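Take a look at the structure set out below.
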Amino acid sequence: MDLVTELTIFVLAAFVGFAVISKVPTTLHTPLMSQTNAIHGIVMLGGLIVAGFAEGALELTIAFIAIAFGAINIVGGFMVTDRMLGMFVRKPRKDPES
């Protein structure tokens, strides 16, 4: 494919992704976060594969960026999920005898 076709696909994917995510109700954000963690794990795996087969500095740089962004998104996703699930933890009761 030529560069114009690839850029067109990228721009259309960005618009479709924004349209889909903006219509998600707030009750589904926690399950979606765990799914995006899995997706970014695949992004990191792809980055590692690209890094393994990299022949030039550009390919190695793109692989490093993919691995770094994937790791940031995985850690951030787990932090957000943990914080949201922490909102539902029951607080310990005070002892009525004291």
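Points to keep in mind about this one:
- Pair list, Cβ < 8 Å and 6+ apart or interchain, from the range 8-28 residues that are open to solvent by less than 100 Å² (accessible area, probe 1.4 Å) to residues that are in a helix (DSSP H, G or I) and modelled with pLDDT under 90: V24/L32
- Contacts under 9 angstrom Cβ, first residue in the range 56-76 being over 13 Å from V43 (Cβ atoms), partner exposed (fewer than 12 other Cβ atoms within 10 Å of the Cβ), 6 or more apart: E59/F53
- Test: residue in the range 80-90 that is at pLDDT 80 or above, among the charged types (D, E, K, R) and part of a loop (DSSP other than H, G, I, E, B): no
The values are calculated or read from the model by the stated rules, or taken from the named source; none is laboratory data. As the structure is a prediction and not an experimental result, all values here were calculated from the model. Virtual Cβ from ideal backbone geometry, glycine too; neighbours counted across all protein chains shown. Ligands, DNA and RNA are stripped out before the accessible areas are found, and what is left, the full protein with its side chains, is counted by its heavy atoms. Shrake-Rupley method; radii C 1.70, N 1.55, O 1.52, S 1.80 Å.
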